[in-house]
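Every number in this text was worked out from the coordinates using simple rules, so none of it is lab data. Remember, predicted model here, so these are calculated numbers, not experimental data. Cβ placement follows ideal geometry from the backbone for every residue including glycine, while neighbour counts extend to all protein chains displayed.
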Amino acid sequence: QKEVEQNSGPLSVPEGAIASLNCTYSDRVSQSFFWYRQYSGKSPELIMSIYSNGDKEDGRFTAQLNKASQYVSLLIRDSQPSDSATYLCAVENYGGSQGNLIFGKGTKLSVKP
Amino acid sequence: KAGVTQTPRYLIKTRGQQVTLSCSPISGHRSVSWYQQTPGQGLQFLFEYFSETQRNKGNFPGRFSGRQFSNSRSEMNVSTLELGDSALYLCASRPGQATYEQYFGPGTRLTVT
């Protein structure tokens, strides 16, 4: 069974700080990686995708990928209370009983005003 | 472009009954996946349909079934409901099997009493 691991949190950061969310995965051949944000009672929303080693920036969000270490991270700069949510890491999978994306259980982020 | 839609949004059923949930993918998307989300288990993959064919199936009992129509709309059915089936059921679509980015619908909240 392939795995995607995330620290469940909660991760608490003050408003304006950088929030750092981490994810490790077990399948060395995976090539596509995604971050979803899920507000309480809502469905997951895709916020970042990354396919190559290094950093990818989109506004206040930066995704980082290190395939050699099988590690993906999401940095949120200038964190806002509206960023408070659970962040799910998802990794490409070639189908089977786990489907085409394997999700971690999520890290709950709380941004304090 | 309209997003993924799911109906109904909320449902209350009693044990032993059956239920049918519906999902309409983003226009042009041919792949639909279904997930069950509970607080303790996270997102669990149920099945994926592509071009009216089930491509992958998760480790759920045969009470859980689905289908996809020629217009890519999908339904999932749960027969003989159990209390443990209470969950948020999410549908996600993607353009095709070469693309791993998935977009989720708002979900159907099923409560079994």
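General remarks:
- Backbone N atoms of the stretch B:63-81 closer than 14 Å to the 7 Å Cα→Cβ label point of B:R30 belong to residues B:69-73.
- Shielding by partners for peptide A:98-109, expressed as the average number of C-beta atoms from other protein chains within 10 Å of each residue's C-beta, is 5.
- In summary, the aspartates and glutamates within cross-link reach of A:K42, defined as a Cα separation below 16 angstrom excluding same-chain residues under 8 places away, comprise A:D83.
- Whether the stretch A:27-113 is rounded, prolate or oblate, judged on the alpha carbon gyration tensor where a/c under 1.5 counts as rounded: oblate
- Projected label distance in nm at A:E57 and B:A98, using a 7 Å step from Cα toward the beta-carbon: 3.2
- Rounded, prolate or oblate (a/c below 1.5 giving rounded, otherwise prolate when a/b exceeds b/c) for chain B by Cα gyration tensor: prolate
- Projecting the Cα atoms of B:S65, A:S40, B:C91 onto the charge dipole of the protein assembly as shown, computed from C-beta unit charges around the Cα centre, puts B:S65 farthest toward the positive end.
- Prolate/oblate/rounded call for the protein assembly as shown, Cα gyration tensor, a/c under 1.5 rounded: prolate
- Chain B, relative contact order in percent, only Cα pairs under 8 angstrom and at least six apart counted: 36
- Among the listed pairs A:K2/B:K1; A:K112/B:K57; A:K56/B:K57; A:K56/A:K112; A:K112/B:K13; A:K56/B:K1, those whose Cα-Cα separation exceeds 29 Å are A:K2/B:K1; A:K112/B:K57; A:K56/B:K57; A:K112/B:K13.
- Of all aspartates and glutamates in the structure, the ones whose alpha carbon falls short of 17 Å from that of A:K105, not counting any fewer than 8 places away in one chain, are A:E3, A:E5, A:D27, A:E45, A:E92.
- Inter-part distance where the stretch B:46-86 and the stretch A:31-59 are each reduced to a Cα centre, Å: 26
- Computed over chain A: relative contact order in percent, which uses C-alpha pairs under 8 Å that are six or more apart: 37
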